[in-house]
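Asks: The structure is given below, and queries will be raised subsequently.
What follows is calculated from the coordinates using simple rules that are stated; it is not laboratory data. As the structure is a computational prediction, the values presented were derived from the model and not from experiment. Neighbour counts run over all protein chains shown; Cβ positions are idealised from the backbone, glycine included.
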């Protein structure tokens, strides 16, 4: 069984011990002086990214170099990502949501889903990048999403955003949805964004 599948939620003390062990391991692997002299948001985060990249798909999509003036009704963007268990586990760390339906295969097998499902909010978080790809500086004002189908570990999700109404003061209504690799809509909704020009 995949070692990540066996990971369970841990307490604060255990988390600190694990982090210390991980830092000591990384310090040994990369050199103590180099590791501990690094900025908090510098090389350590690069190392974490490198480790994550061995477990899941790391993507950093370049925003189009377009003027916000091109944004009109009908303007569309999309972002696609395969969701791995590492994504689910890290989302639980960030959100604090350790519902066993996301982590425990035997527990999930007894539910109507029959296997572990991805957090709904992890799925809809991909909408954030679809919105960020709209030209200009994007500020999310309002978000409403309905979850229609389960997303399973290993599914490839495409988040799509389409401007459908212009509002006063550089605000826009955006239709959003998330589709799986079978082109089934798993989540849909609407957002209101502000575009700083």
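Asks: For a quick check: sort 179, 115, 171 by the number of other beta carbons within 10 angstrom, fewest at the front. Write down the numbers at each step before the final one.
Replies: Working: 179 20, 115 12, 171 15.
So the ranking, lowest neighbour count to highest, is 115, 171, 179.
Asks: When 53, 124, 78 are ordered from fewest to most other Cβ atoms inside 10 Å of their Cβ, what list results? Don't skip to the answer; put the middle values down first.
Replies: On the way: 53 12, 124 23, 78 16.
Ascending number of Cβ neighbours within 10 Å: 53, 78, 124.
Asks: With a point put 7 Å past each Cα toward its Cβ, work out how far residue 156 is from residue 73 in nm, to one decimal.
Replies: Each label point lies 7 Å from its Cα, and together they span 3.4 nm.
Asks: Related question: Please say if region 52-102 is rounded, prolate or oblate, where rounded means a/c under 1.5 for a ≥ b ≥ c the square roots of the C-alpha gyration tensor eigenvalues, and otherwise the choice is prolate for a/b larger than b/c and oblate otherwise? Walk me through the numbers on the way to the answer.
Replies: Values: a/c = 3.31, a/b = 2.22, b/c = 1.49.
In terms of gyration-tensor shape, prolate.
Asks: Multiply the residue separation of residue 46 and residue 185 by 0.36 nm, subtract the distance between their alpha-carbon atoms, and state the gained length in nm to one decimal. Before the final figure, lay out the partial values.
Replies: Working: separation 139, 0.36 × 139 = 50.04 nm, distance 3.40 nm.
Using 0.36 nm per residue and subtracting the Cα-Cα distance, I get 46.6 nm.
Asks: Starting from the Cα-Cα distance between residue 121 and residue 58, subtract it from 0.36 nm times their residue separation and give me the gain in nm to one decimal. Numbers along the way, then the final one.
Replies: Working: separation 63, 0.36 × 63 = 22.68 nm, distance 1.86 nm.
So the extension gain works out to 20.8 nm.
Asks: Please label the shape of region 116-197 as rounded, prolate or oblate, based on the square roots a ≥ b ≥ c of the eigenvalues of the alpha-carbon gyration tensor (a/c under 1.5 means rounded; beyond that, a/b larger than b/c means prolate, else oblate). Walk me through the numbers before you get to the answer.
Replies: Working: a/c = 2.49, a/b = 2.27, b/c = 1.09.
Prolate.
Asks: For the residues 118, 145, 70, what sequence is obtained by ranking on other C-beta atoms within 10 Å, fewest first? Spell out each step's value before the answer.
Replies: On the way: 118 23, 145 19, 70 11.
Arranged by neighbour count, lowest to highest, 118, 145, 70 become 70, 145, 118.
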